[in-house]
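The structure under discussion appears below in the form of structure tokens.
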Amino acid sequence: MEEHDGPELVLDVGNSSMKAGLFAGHRLQAVRQMPHGDMPGVRDLLGGRRPARCIMGSVAATDEPFLKALGELAPVTVIRGDSPSPVPSVYATKATLGVDRLANVAAAAALFPGRPVLAIDLGTCITHDLIDAQGIHRGGIIAPGLRMRAKAMHAFSARLPQVEPPEDPVLPGTDTRSSLAAGVHYGVLMELQGYIGLFQQQFPRLAVVLTGGDAVRAARALKCGIFAHPALTLLGLHALAHHETLPSPSADR
């Protein structure tokens, strides 16, 4: 296939939507959230340019027509949870590690070299991934996200409604809906504070970076110098794709 000198298109395909980013070199130029398989949205983001290549990481079901359409734009590099990474890991089941977590680890380690860092992704699920000061991924935590918690209370009860928690719900709740919203919102915040505190005890100078759809609201609520980076996964996918293209060191070095 003919190569192009345009930007690199990076796609972070999540459970409920996808995020697209354009990179010139190692610089992220533009980001857009869009529905799954939205080729018109991708073309609009490109603005008539032909990408040099497309890089994709997905935790959703494979969309073959979308992959084929991307391949008509440029060569496609698919990153998976067990793809090579610049960050060594002690994770025992790399074949089941989500590609979003692998990307978050790569980006967080690059942003905070020489420091322990906790990357927290607040999406459909909330994932925590810890990198120590030696740059080794130690593993993490997976927990239900905000909307999953709200949906579960509705689905597994006879009368509780499903709520969409606001950013600053009343505490204590004064009716059923506001009580549910308070339980979801403040439950997540207390959980985050607890985990961050535990990791800070074990790893002094711990940096914390939040990403995902609820990252900004969580960072505002926690108010303790936590860094929100909505494009963290895109940065990590881009770094992983370039790591894959590097030649492997020879065995005699």
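Worth pointing out:
- Leading residue by the ranking (most open to solvent (accessible area, probe 1.4 Å)) among those in segment 194-212 that are touching a helix residue (DSSP H, G or I) at 6+ places or on another chain (Cβ under 9 Å) and of a type outside the set (A, V, I, L, M): G212
- Residue match in segment 186-193 (condition: open to solvent by 90 Å² or more (accessible area, probe 1.4 Å), closer than 30 Å to A106 by Cβ and more than 20 Å from the chain's Cα centre (by Cα)): yes
This table checks each residue for (1) among the aliphatic types (A, V, I, L, M); (2) touching a Gly at 6+ places or on another chain (Cβ under 8 Å).
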residue: T124; (1), (2): no, yes
residue: G139; (1), (2): no, no
residue: P144; (1), (2): no, no
residue: A150; (1), (2): yes, no
residue: R159; (1), (2): no, no
residue: F199; (1), (2): no, no
residue: A207; (1), (2): yes, no
residue: L210; (1), (2): yes, no
residue: L222; (1), (2): yes, no
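- Of residues in segment 213-226 being open to solvent by less than 40 Å² (accessible area, probe 1.4 Å) and touching a residue at least 40 places away in the same chain (Cβ under 8 Å), the one farthest from R147 (Cα to Cα): A221
- Scanning segment 141-175 for residues that are within 21 Å of the chain's Cα centre (by Cα), charged (D, E, K, R) and part of a loop (DSSP other than H, G, I, E, B) yields a single hit, E167.
- Residues located in segment 93-121, provided they are touching a residue at least 40 places away in the same chain (Cβ under 8 Å), open to solvent by 10 Å² or more (accessible area, probe 1.4 Å) and small (G, A, S): A110
- Scan of segment 148-167 for residues that are in contact (Cβ under 8 Å) with a residue 24 or more places away in the chain and open to solvent by 20 Å² or more (accessible area, probe 1.4 Å), ordered by number: M148, R149, M153, E167
- Residue that is of a type in the set (D, E, K, R) and in contact with a Pro (Cβ under 7 Å, 6 or more places away or on another chain), where the choices are D214, D121, D100, D132: D132
The values are calculated or read from the model by the stated rules, or taken from the named source; none is laboratory data. None of the values given here were measured: they were computed from a predicted structure. In this analysis, Cβ positions are derived from the backbone assuming ideal geometry, glycine residues included, and neighbour counts consider all displayed protein chains. SASA here: full protein model, heavy atoms, side chains in, ligands and nucleic acids out. Shrake-Rupley method; radii C 1.70, N 1.55, O 1.52, S 1.80 Å.
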